[in-house]
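**Student:** Got a structure for you, questions after.
The values are calculated or read from the model by the stated rules, or taken from the named source; none is laboratory data. Note that the structure is predicted; figures quoted are calculated from it, not measured. With ideal geometry, Cβ positions are generated from the backbone for all residues, glycine too; neighbour counts draw on all protein chains shown.
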Amino acid sequence: MTTTLPLARLQDAVERMAGFDAAGEPTPAFEQATRAFRADPNRVTATGLLIAALRIAVWYRVPLSPGFARRGLKTELANAPAATWDRADDPGWRDEVVTLAGTVAGTTRRYQAAEGPVAEAQALHEVLCALVIALLGAFDSVDRLRTAFEVEVNAPRDTKPADEANPTSSRALRLFEPIMRRTYCPFAATARLWGAPDYDPALSFTENMDASLPGLKVFSSMLQSDVLDGYVYAFPTEIVGGKDVAETARLFRAFMGHLIEHATGEEPRPFDRDTVTDERWRLWLYGEQFFVTVFAPCYPHGHSRYAYGNDEAVLIMLQPEESIHAAIPHDTYDARADGIRQRFEEAFQAYHVADAEADRFLLPTQPGGEPVRWYDAEADDPVIRRPAAI
């Protein structure tokens, strides 16, 4: 039987590894793997570095297939050109791998810091792709790679929980998955999303929002060189409500107020109703423009914001404008947007586009109904009730 080794299957195996989430943000482990390779470049250390690189790709939701395609390569590694393999005797190969690994680590470190020369960071999907291809040089065949990878990926690992949550496996994304799979938006199924940290019922709404901002800041910093499609929050209905429009509006007012106050500038700025309701207003967070969509239990199945059976949480997605225009170029936006609206209408989920941006975020339960004036809702911490166990 001919050996096949699709890159996507390697990534799947890495994501299933014992302790994947427990290990936390993967850059420290990646740097350790780089040091091991630099000291002794062989098949074992190259396999460890390959797995560490794929952990970064999975953690940051970085697609590698576009980079392969731009190099004229397929992601079926068995079809990689002969010149890609068996490069261990090439005097420049070790330095090439180490240099690429250093660029990967430098990029993720800049993203994590979310400050400094982020704009100088290379696109993570490009440099990771180059590193993965270079690491194939440690092996003389795809069979050797497969054997080494299988041994390493199944090795025992520490499963002690890390301090930071994995933004690509949060509860918010698990609850959002049915929407991605069943909505009529043509881009949803392949969207690369991050989730805010799981809501901690022992903390106030304000404290939970504060805990989400570092991740949102890192997410925003990545948008300068990599395409991500959304940052998703999940607010438990048993704590904050959200099963009717009034409760959802109160939650959304507190949510937007917190972001506007703490994530739109270097200094805190108060929420201003007149600014938000101006038709020219747009939401900017950490230097990036975002659109906001709210999916809540208050929306019936005939609504475009229907949550597909989820009544556990109000889901709020921050969608970067960069993501929208990566999918739909500016010169075709109006026609494509009309086509998407038609898809929803044909599926009996028609929606109306309001004039003001603020009225497009939280929609009325009936298409074309009066805007939900969430900006006039109470601005208090929207904790309506807590579970009895708390």
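**Student:** Does any residue of the range 90-99 turn out to be assigned to a loop (DSSP other than H, G, I, E, B), touching a helix residue (DSSP H, G or I) at 6+ places or on another chain (Cβ under 6 Å) and among the charged types (D, E, K, R)?
**Tutor:** Scanning the range 90-99, I find no residue that is assigned to a loop (DSSP other than H, G, I, E, B), touching a helix residue (DSSP H, G or I) at 6+ places or on another chain (Cβ under 6 Å) and among the charged types (D, E, K, R), so the answer is no.
**Student:** Another one. Using the structure shown, decide if Ala254 is modelled with pLDDT under 95, of a type in the set (A, V, I, L, M, F, W, C) and surrounded by fewer than 17 Cβ atoms within 10 Å (Cβ to Cβ). Don't jump to the end; show me each part of the working.
**Tutor:** Numbers: modelled with pLDDT under 95: yes; of a type in the set (A, V, I, L, M, F, W, C): yes; surrounded by fewer than 17 Cβ atoms within 10 Å (Cβ to Cβ): no.
No, not satisfied.
**Student:** Here's something else I'd like to know. Pairs needed: first member in the range 1-13, in a loop (DSSP other than H, G, I, E, B); second member anywhere, modelled with pLDDT of 85 or more and exposed (fewer than 15 other Cβ atoms within 10 Å of the Cβ); C-beta distance under 7 Å; at least 6 residues apart or different chains.
**Tutor:** Thr3/Asp143
**Student:** So for the range 352-360 (the condition being assigned to a loop (DSSP other than H, G, I, E, B), modelled with pLDDT of 80 or more and at negative phi), does at least one residue qualify?
**Tutor:** yes
**Student:** Looking at the range 64-74, which of its residues are under 19 Å from Phe139 (Cα atoms), modelled with pLDDT under 85 and surrounded by 15 or more Cβ atoms within 10 Å (Cβ to Cβ)?
**Tutor:** Selection gives Leu73 alone.
**Student:** Evaluate the range 346-354: report whether one residue or more is touching a residue at least 40 places away in the same chain (Cβ under 8 Å), in contact with a strand residue (DSSP E or B) (Cβ under 6 Å, 6 or more places away or on another chain) and either assigned by TED's automatic domain parsing to the domain that holds Met180 or among the hydrophobic types (A, V, I, L, M, F, W, C) (or both).
**Tutor:** no
**Student:** Is at least one residue of the range 16-37 at positive phi and either in a helix (DSSP H, G or I) or assigned by TED's automatic domain parsing to the domain that holds Cys129 (or both)? Before the answer, list the steps.
**Tutor:** Narrowing the range 16-37 to residues at positive phi: 19, 24.
Right, trim to either in a helix (DSSP H, G or I) or assigned by TED's automatic domain parsing to the domain that holds Cys129 (or both) and you get 19, 24.
The answer is yes, given that some residue of the range 16-37 is at positive phi and either in a helix (DSSP H, G or I) or assigned by TED's automatic domain parsing to the domain that holds Cys129 (or both).
**Student:** So which residues in the range 289-311 are assigned to a loop (DSSP other than H, G, I, E, B), touching a Leu at 6+ places or on another chain (Cβ under 6 Å) and either free of Cβ contacts under 8 Å to residues at least 60 places away in the same chain or not assigned by TED's automatic domain parsing to the domain that holds Ala358 (or both)?
**Tutor:** The answer is Arg305, and nothing else.
**Student:** Taking the range 261-288 as the search range and keeping residues that are of a type in the set (D, E, K, R) and assigned to a loop (DSSP other than H, G, I, E, B), which one is farthest from Asp376 (Cα to Cα)?
**Tutor:** Filtering first and then ranking leaves Glu266.
**Student:** Scan the range 259-301 for residues that are farther than 30 Å from Ala113 by Cβ, loosely packed, with under 15 Cβ neighbours inside 10 Å and either among the hydrophobic types (A, V, I, L, M, F, W, C) or in contact with a helix residue (DSSP H, G or I) (Cβ under 6 Å, 6 or more places away or on another chain) (or both) and jot them down.
**Tutor:** Arg273
**Student:** State whether one or more residues within the range 222-242 are modelled with pLDDT under 85 and either basic (Lys, Arg) or part of a helix (DSSP H, G or I) (or both).
**Tutor:** Among the residues of the range 222-242, at least one is modelled with pLDDT under 85 and either basic (Lys, Arg) or part of a helix (DSSP H, G or I) (or both), which makes the answer yes.
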